[in-house]
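Just below is one structure, and these are the notes that go with it.
The values are calculated or read from the model by the stated rules, or taken from the named source; none is laboratory data. If you're wondering where the values come from, they're calculated on a predicted model, not measured in any experiment. Note that we place each Cβ from the backbone using ideal geometry, even for glycine, and neighbour counts take in every protein chain shown.
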Amino acid sequence: MTEDPFHVPELDDHELNNWLLQYCENIDKAGKTSVFWICRRRDCLYMCQSTDWADNTAIGCAHYWCPMCAHLYEPWVQSQQRVKANKVMVYKLDDLKQEQTLKANAVASNGERFRVVPYMWLDTVGQNIEDRFKRVASGIMEEIKKVPPADRLNFVLATLEKKAVHALLEHHVPTEEQKQAMIAKNKLSGPKQPKGAIDLAKHEKGSYGRFMKQYVEQLDDPVTETAMMRNWICAKVSCMNAMRLSSL
């Protein structure tokens, strides 16, 4: 390989591949900037941490169902029943200067203030930028190298579930009607169906999330791809500056 002038060695950070990174919310080590998937159904609009989405990864698939309304997550399908945005960036505001610039539009129960920005899932180039930030922020890069590839999904899920819940999210337990809807969904075995793989006991315990119906206009008019990449970069630079100043 060293004799081949066209050989490019694989980067170490590929140990944490893109499929696993979709479960990571933080894109900076300070935890100031996070991204969440959102249920696109207008009658739901539930945003929650990735580990709480109902899934069928236990049987080797990668389909996800909202823990509140039990609808299949389809990131790009367009319809009158769905908003356009499919992800949400949440940026924590630490001081008045940041608030004057970004204007907080969400307040957590502990009083922390945030800027919520709905956006479209990026193309490959933009997604790679987000994923690289997540690799840096994950804190599990060195640990995961020691884990066999077949066990990495369970390792990532267990690690993320131990982390503190984002301040903007609150615990929601599904209603009896929602539990029955998920039970019925779990029995389906056709294409893109759970085939009995959803963890119903976990679903009944509830999830950590937030209903986003107050942002429906923004969710119907998400920021452009270029603007979102600027947000990633600005968030990363802001985090780096904050960490540099705190060390002085």
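Is it the case, given these coordinates, that ASN186 is at pLDDT 85 or above and either out of contact with any Lys or Arg (no Cβ under 8 Å at 6 or more places or on another chain) or at positive phi (or both)? So ASN186 fits the description; yes. Among the residues in segment 172-182, are any under 23 Å from VAL107 (Cα atoms) and surrounded by fewer than 18 Cβ atoms within 10 Å (Cβ to Cβ)? Yes, segment 172-182 has at least one match. The residues of segment 182-195 that are farther than 17 Å from GLU74 by Cβ, not polar (S, T, N, Q) and not in a loop (DSSP other than H, G, I, E, B), listed by number, are MET182, ILE183, ALA184. Checked against (1) under 28 Å from GLU112 (Cα atoms); (2) surrounded by 14 or more Cβ atoms within 10 Å (Cβ to Cβ); (3) modelled with pLDDT under 80; (4) under 19 Å from the mean Cα position of the chain (by Cα), ALA164 passes all but a single condition, namely (2). Here segment 146-161 is the region considered, the condition is being in a helix (DSSP H, G or I) and of a type in the set (A, V, I, L, M), and the residue that is surrounded by the most Cβ atoms within 10 Å (Cβ to Cβ) is VAL156. On the given criteria, is SER238 of a type in the set (Ser, Thr, Tyr), part of a loop (DSSP other than H, G, I, E, B) and at pLDDT below 95? Criteria not met by SER238. Can you tell me which condition GLY139 does not meet? The list is (1) surrounded by fewer than 17 Cβ atoms within 10 Å (Cβ to Cβ); (2) within 19 Å of CYS24 (Cα to Cα); (3) free of Cβ contacts under 8 Å to residues at least 24 places away in the same chain, and all the others hold. Against the list (1) surrounded by fewer than 17 Cβ atoms within 10 Å (Cβ to Cβ); (2) within 19 Å of CYS24 (Cα to Cα); (3) free of Cβ contacts under 8 Å to residues at least 24 places away in the same chain, GLY139 comes up short only on (3). Inside segment 129-144, residues that are more than 13 Å from the chain's Cα centre (by Cα) and among the acidic types (Asp, Glu) make up a count of 2. Inspect segment 205-228 for any residue being in contact with an Asp or Glu (Cβ under 9 Å, 6 or more places away or on another chain), more than 19 Å from TRP37 (Cβ to Cβ) and at pLDDT below 85 and give the result as yes or no. No, segment 205-228 has no match at all. Would you mind stating whether LYS192 is touching a residue at least 24 places away in the same chain (Cβ under 8 Å), farther than 30 Å from GLY111 by Cβ, crowded, with 16+ Cβ neighbours inside 10 Å and not aliphatic (A, V, I, L, M)? No. Residues in segment 203-216 that are in contact (Cβ under 8 Å) with a residue 60 or more places away in the chain and part of a helix (DSSP H, G or I): HIS203, LYS213, TYR215, VAL216.
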